[in-house]
Every structure is written in C-alpha cells, then in structure tokens.
Amino acid sequence: MKVRAGFYRNFLLPKGKATLLTPDVLKEMQVEQERIEAEKKRVKEEAQQLARVFETIGAFKVPRKGGKGKQIFGSVTAQDLVDIIKSQLNRDVDKRLVEVPEIREVGEYVAEIKLHPDVTAKVRLTVYAK
C-alpha cells in the first residue's frame, strides 16, 4: 500500500505497523501465504475424511424413555448426538455445528454436522424406546 513519506516515517514505522516492500519481504509474504493455503487444504481434507467416517458408520442408536405408541418422553437434541459420537468414536464435535431435526417419535432420522464451511456430513439416527 502506498502512503505518504511523513505518515510512514512518523507513525507507521515507529509503531511497527509497516515496513518497506523489499524483495526479501515479498518472498517472505509468499512463503507465509503458501503455508496458510497448505494448512487450509489439510483442514479441509481432514474434515472430508471425518465426514466419510460418519457416513460409513451406519446409524447411531439413541435410546429414549418411551410413551404410548411411537411417542418418546422429551426429544433428541444436538447435545445428545454429540455425547453419543464422543462415547462411540472418541471424537469431539461442537454441538453448535450439529443440526438435528425435531425428534419426538421413535424412528430413523438424518442429522447434519457441518465439519467445515465446504464439508457437511449426514449422520443417520435410530431412535428407539427403552
């Protein structure tokens, strides 16, 4: 970015907010940018691998206290799914990233886990009455 000489000399340079653009600095910036891109790619691949694990695992079984017919007491929440994943797969998932449909009956449902902005895993849930 181009700034006036006085602004650079009196404000930016003493506070350490800017340096002169030299070939060494430019090369350092490119190396840092490549490192950041590689890290983003690694995180995305890790999320895709975790999504494959979730989709091949089958259905997570969720026991609930049952009422009349197909009704269950309470509902199944994102925290319930996070606890089941932690107990069965030893993986930590943030409950804010889990979208569970409203579940108030026994049956099969599909929940979505947003592992990365570009990667979403679909997880099947089987809810049954104890």
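Among the residues of the stretch 79-88, those that are farther than 16 Å from Thr126 by Cβ and either open to solvent by 80 Å² or more (accessible area, probe 1.4 Å) or not aliphatic (A, V, I, L, M) (or both) comprise Gln79, Lys86. Taken over the stretch 59-72, the criterion of being in contact with a strand residue (DSSP E or B) (Cβ under 7 Å, 6 or more places away or on another chain) and either open to solvent by less than 40 Å² (accessible area, probe 1.4 Å) or of a type outside the set (S, T, N, Q) (or both) is satisfied by Ala59, Phe60, Lys61, Val62, Pro63, Arg64, Lys65, Gly66, Lys70, Ile72.
With respect to the conditions (1) open to solvent by less than 40 Å² (accessible area, probe 1.4 Å); (2) part of a loop (DSSP other than H, G, I, E, B); (3) touching a residue at least 40 places away in the same chain (Cβ under 8 Å), Arg91 lacks only one, and its number is (1). Here Val127 clears all of (1) part of a strand (DSSP E or B); (2) under 17 Å from Ile57 (Cα atoms); (3) open to solvent by 40 Å² or more (accessible area, probe 1.4 Å) except the condition numbered (3).
Only one entry in Glu34, Glu39, Glu46 is over 26 Å from Lys130 (Cα atoms), open to solvent by 100 Å² or more (accessible area, probe 1.4 Å) and either touching a residue at least 60 places away in the same chain (Cβ under 8 Å) or within 18 Å of the chain's Cα centre (by Cα) (or both), namely Glu46. Give Ile103, Ile113, Ile84 a once-over and let me know the one that is of a type in the set (A, V, I, L, M) and in a loop (DSSP other than H, G, I, E, B). Ile103 is the lone residue from the list that is of a type in the set (A, V, I, L, M) and in a loop (DSSP other than H, G, I, E, B).
The values are calculated or read from the model by the stated rules, or taken from the named source; none is laboratory data. Given the structure is predicted, the values throughout are model-derived calculations rather than measurements. Positions of Cβ are generated from backbone atoms using ideal geometry, with glycine treated the same way; all protein chains shown enter the neighbour counts. These area figures cover heavy atoms from the full protein model, side chains too; ligands, DNA and RNA do not enter into them. Shrake-Rupley method; radii C 1.70, N 1.55, O 1.52, S 1.80 Å.
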